[in-house]
Amino acid sequence: AGIEPRSTSVANLLEDWVAVLAGKLGVENPLAVPAGRSDAQESRLTALVDKRPKPQDAFADLLARASAKSRVVLLLDALDRFERTPEAEAIAWLPAPLPANVRLVATSVTGPETEALAGRSDVAVDLLVPLTGDEAREIAKSVYDRYHRQPNADAVRELVHKPGPDGALAHGNVLWLVSALEELNLLDGDDFRRAEVGTDGTDED
C-alpha cells in the first residue's frame, strides 16, 4: 500500500483482488465496466454500474468461493499507508471472520489498523523483532544470488555492523537492508573508479 498513488486506495485494492479471484475461478468479474462505450450507451452503462456490488461485497463473495477450492493467502504490506479513511483504519473491508481456508499476512506500523486487527478473534498480531546478523547475512546471500554473485564478505560485514540514526543496528530494518544490498549490486566499475582513483584490484574486489 502507498507505493504509488493508486495503491493508497482500498477500493482499488479490492478491485484488483476481485479481478484476480474472478480470473482464477473462471467467472465474470462482477466489478468490470465495459470499455469503449458511445454516448448513446452512457445512460444504459450508468444503470449497469449502479447495479454493481460494492467492492468489499464482491471481494467477500469471491474470496469465499475461491477458498472453498484451495488455500488463499492474502499478502499485504503497509496497511498504515492507505488513505486515512474510517474503512481503511478499521480494516472494515476485510471479511469477518475470514473463511477457514484463507490466510492473511500483513504488516503495519502500530496504530488504528493493528488495534482493529487485534480486536478480531481470527487474527493474531505479533511485533516484528529486528533481524539478527545471521538473518541479515542470509538475506544478503539471496540478493547477491539474484545478481549471480557471491556476497562480498567485507561489504556485508560493514552492513551488519552499521548503526542506524537511533543507535540500533541498521540491518534490523529489512527494508533498509535490502535497499542497501540492491544499491551495492547496482554499482559498476565507473562508480568505484570515481570513488577511489588509483587503488588496485578488480571491479569485483
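Using the average count of surrounding beta-carbon atoms within 10 Å as a protection proxy, the listed peptides 75-82, 116-123 rank, highest first, as 75-82, 116-123.
Using a 1.4 Å probe on the protein chains only, how many percent of the accessible area of the chain belongs to carbon and sulfur? Carbon and sulfur together cover 54 percent of it. Within straight-line reach of K162, meaning a Cα separation under 23 Å, sit the following lysines at least 8 residues removed in sequence or on another chain: K141. Most tightly packed first, judged by the mean number of other beta-carbon atoms within 10 Å of their residues, the peptides 124-131, 16-23, 156-163 read 16-23, 156-163, 124-131.
Multiplying each eigenvalue of the alpha-carbon gyration tensor of the chain by 5 and taking the square root yields semi-axes of 44, 23, 16 Å, largest first, rounded to whole angstroms.
Taking Cβ atoms as reference points and 11 Å as the exclusive limit, the residues near R81 contribute a net charge of -4, counting Lys and Arg as +1 and Asp and Glu as -1. In this structure the chain gives 66 Å² per residue of accessible area when probed at 1.4 Å with all protein chains present. Neighbours of V125 by Cβ distance under 14 Å: Lys/Arg scored +1, Asp/Glu scored -1, total -4. When you restrict to C-alpha pairs under 8 Å that are six or more residues apart and normalise by the size of the chain, the relative contact order lands at 15 percent.
Less than 9 Å Cβ to Cβ from N101, Lys/Arg counted +1 and Asp/Glu -1: what total charge do the surrounding residues give?
+3
The values are calculated or read from the model by the stated rules, or taken from the named source; none is laboratory data. The structure displayed is predicted, hence computed values, not measured ones. Heads up, the Cβs are rebuilt from the backbone with ideal geometry, glycines too, and the neighbour counts pull from every protein chain shown. SASA here: full protein model, heavy atoms, side chains in, ligands and nucleic acids out. Shrake-Rupley method; radii C 1.70, N 1.55, O 1.52, S 1.80 Å.
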